[in-house]
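Before we start, here is the structure in question, set down as structure tokens.
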Amino acid sequence: MRKREKHILGKDEIEIGPLHLRQMLMESWDQLDIFLESIFCTCGVESKKLVQYKPYLNNLNDVILRGKCSGCNTIATRYIETGERKGVELIAKRIRNRN
Ligand SMILES: [Zn+2]
């Protein structure tokens, strides 16, 4: 099976900037590198990470990083479940109002 060449954005996703990404990740901002390094990709390259990514926010208040796998240069995604966190709803609402 061939991998898609372009990301398909959900209808509910909005692109956010680095500052908003930081706000959404809250205390796990420190672990951003770990998120970037734990991506799923079929290439099997051992030390790979998500590069050239853009952050998005969806309706569930989760963050989706869409970029490329450094191992094979094809598209890769990292989904971060931020929506369940306490207080995140308000932050997400504020970000949406600014967009
Ligand atoms: Zn890869």
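Among the helices (runs of 4 or more DSSP H) lying completely within the range 3-99, list those that include at least 2 residues that are touching a helix residue (DSSP H, G or I) at 6+ places or on another chain (Cβ under 7 Å) and free of Cβ contacts under 8 Å to residues at least 60 places away in the same chain.
Qualifying helices (runs of 4 or more DSSP H): 18-25.
Which condition number in (1) closer than 14 Å to Arg22 by Cα; (2) away from the ligand (no atom under 16 Å from the Cβ); (3) among the aliphatic types (A, V, I, L, M) is the one that Leu90 fails?
(1)
Can you give me the number of residues within the range 11-65 that are of a type in the set (Lys, Arg) and away from the ligand (no atom under 16 Å from the Cβ)?
Final tally of qualifying residues: 3.
Quick note: the coordinates plus some simple rules give every number you see, no bench work behind them. Bear in mind the structure is a predicted one, so any value in this text is a computation, not a measurement. Glycine also receives a Cβ, built like all others from the backbone with ideal geometry; neighbour counts cover every protein chain displayed.
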